[in-house]
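The values are calculated or read from the model by the stated rules, or taken from the named source; none is laboratory data. Note that the coordinates shown come from a computational prediction; the quantities given were computed from them, not determined experimentally. Please note: Cβ atoms are built from the backbone with ideal geometry, for glycine as well, and neighbour counts cover all protein chains shown. These area figures cover heavy atoms from the full protein model, side chains too; ligands, DNA and RNA do not enter into them. Shrake-Rupley method; radii C 1.70, N 1.55, O 1.52, S 1.80 Å.
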Amino acid sequence: MINVDLHCHSVVSDGTLTPEALAQRARSNGVELWALTDHDELGGQDRAIAAARDAGLPYLTGVEVSVTFAGVTVHIVGLGMDHTNSTLLAGLAATRGGREQRAREMSDDLARVGIPGVYEGALKFVGNPDLISRSHFARYLVEIGVCKDISEVFRKYITEGKPGFVPHRWATLGDAVSWITGAGGVAVVAHPGRYKFTATEEYALFTEFKAHGGQGVEVMTGAHGQADYVKYAGFCQEFDLLASRGSDFHSPEESHTDLGSLPYLPGSVTPVWELLQPRILL
Ligand code: AMP
Ligand code: MN
Ligand code: MN
Ligand code: MN
């Protein structure tokens, strides 16, 4: 068993650490194979590759693509892609494109319920102007004392049905998978235990994901509990998928699961990194 962590975020999306600080943290936490998977963005990859090399840490390129499937936001992690692939880069740029407008609408909606200036406030937390995220809104609302922590902000203000939630159309499942595989990478369903799907919808997600060429699923990830570990290890058999392991670490202050701290994959599954051996940067 090796300590693999193939899911985390830097300041290039909605994490609070730089790619360099993440590489150091992964290294000191005993991670032996690492990927930085910023949302809809490859701008941190060169820094992560260099920092991993300096730390002597084997590395896979990564990304987490936002997808709309059956009206729900689903995340697809890509691993081992050529991060200079122009189709992938253009697809991600288009996926990021609506974030600015969405953020302004979220801010207008929050002003209507008595919380003004949230767009400007959230911008102070944004490391990449192309990637304003709900996480940045949440950090600002905690800073000004509207909520006591990030999860309270999501619960009360910025999830579906709440006053600051603005629905958004992300990439299609087929596009996200084909951008990743077309760039030589492997597509992985991120944290499936988080989606509020019926069993039928979830079956459709995995069936279509496979049909588009997707090959992996996160079994061990920060948002999963024991029941999810068992369920999605079972999906690996049922859908003939490879298993991934990634903390989804965003911040030392906010994340419950640190880099490299998840339980190992169960013995019944095949790790996705076996397929990715030739893509590992040493
Ligand atoms: P966005 O891509 O801007 O819609 O923001 C999604 C991000 O918000 C996710 O990647 C998580 O980092 C964060 N997030 C979503 N739901 C929650 C939650 N309930 N608590 C904390 N963070 C969350
Ligand atoms: Mn995030
Ligand atoms: Mn995600
Ligand atoms: Mn993530």
Residue-normalised accessible area of the stretch 105-187, expressed per residue, 1.4 Å probe, Å²: 46 Å²
Report the residues of the stretch 140-164 in range of a label on E120: point 7 Å along Cα→C-beta, backbone N strictly under 16 Å from it. 140-141, 144
Could you work out how far helix 45-55 tilts from the main Cα principal axis of the chain, as a 0 to 90 degree angle to the nearest 10? 60 degrees
Test item: Cα-centred dipole of the stretch 139-250, Lys/Arg +1 and Asp/Glu -1 on Cβ, debye: 340 debye
Here FRET efficiency (C-beta to C-beta, E238 to I144, R₀ 41 Å, nearest 0.05) is 0.30
Between 0 and 90 degrees, rounded to the nearest ten: what's the tilt of helix 19-28 against the longest Cα principal axis of the chain? 50 degrees
Label-point separation, Q24 to E160 (7 Å along Cα→Cβ), nm: 4.1 nm
Tell me the Kirkwood radius of the stretch 71-150: reciprocal of the mean inverse pair distance over distinct alpha-carbon atoms, in Å. 14.3 Å
What number, in nm² with one decimal, is the all-direction average of the projected area of the convex hull of the alpha-carbon atoms of the stretch 109-174? 5.1 nm²
On the accessible surface of the stretch 173-282, probed at 1.4 Å, how many percent belong to carbon and sulfur atoms? 52 percent
For the chain, averaging the sequence separation of alpha carbon pairs under 8 Å that lie six or more residues apart and dividing by its residue count, the contact order in percent is 22 percent
Order the following by accessible area, largest value first: T221, T84, T270. Probe radius 1.4 Å; ligands, DNA and RNA are ignored. T84, T270, T221
What figure in square angstrom, to the nearest 10, would you give for the accessible area of W170 with a 1.4 Å probe? 30 Å²
Please give, to one decimal in nm, the separation of the simple spin-label points placed at V72 and T84, each 7 Å out from Cα toward the Cβ. 3.9 nm
Ranking I280, T207, F197 by how far each Cα lies towards the positive end of the charge dipole of the chain (+1 on Lys and Arg Cβ, -1 on Asp and Glu Cβ), the top one is F197
Set the Förster radius R0 to 22 Å, insert the Cβ-Cβ distance between V113 and K196 as r into 1/(1 + (r/R0)^6), and round the FRET efficiency to 0.05. 0.40
For the stretch 65-209, the dipole about the Cα centre with charges only on Cβ (Lys and Arg +1, Asp and Glu -1), to the nearest 20 debye, works out at 380 debye
If you place +1 on the Cβ of every Lys and Arg and -1 on the Cβ of every Asp and Glu, how big does the dipole about the Cα centre of the chain come out, in debye to the nearest 20? 320 debye
Among A204, A26, A35, which one shows the highest mean-square fluctuation when the chain is modelled as a Gaussian network with alpha-carbon springs under 10 Å? A204
Considering only I158, F69, L242, whose Cα is most displaced toward the positive end of the charge dipole of the chain, charges sitting on Cβ of Lys, Arg (+1) and Asp, Glu (-1)? I158
Normalising by the residue count of the stretch 103-206, find the relative contact order in percent from Cα pairs under 8 Å and 6+ residues apart. 17 percent
Estimated distance in nm for a label pair at E208 and M1, the labels positioned 7 Å out from Cα along Cα-to-Cβ: 3.6 nm
Mind ranking 127-136, 153-162 by how tightly packed they are, going by the mean number of other C-beta atoms within 10 angstrom, highest first? 127-136, 153-162
Measure of compaction for the stretch 127-279 (Cα Rg per 2.2 N^0.38 Å): 1.15
Only Cα pairs under 8 Å and at least 6 apart count here; give the relative contact order of the stretch 141-265 as a rounded whole percent. 18 percent
Can you give the alpha-carbon Rg of the chain over 2.2 N^0.38 Å, where N counts its residues? 0.96
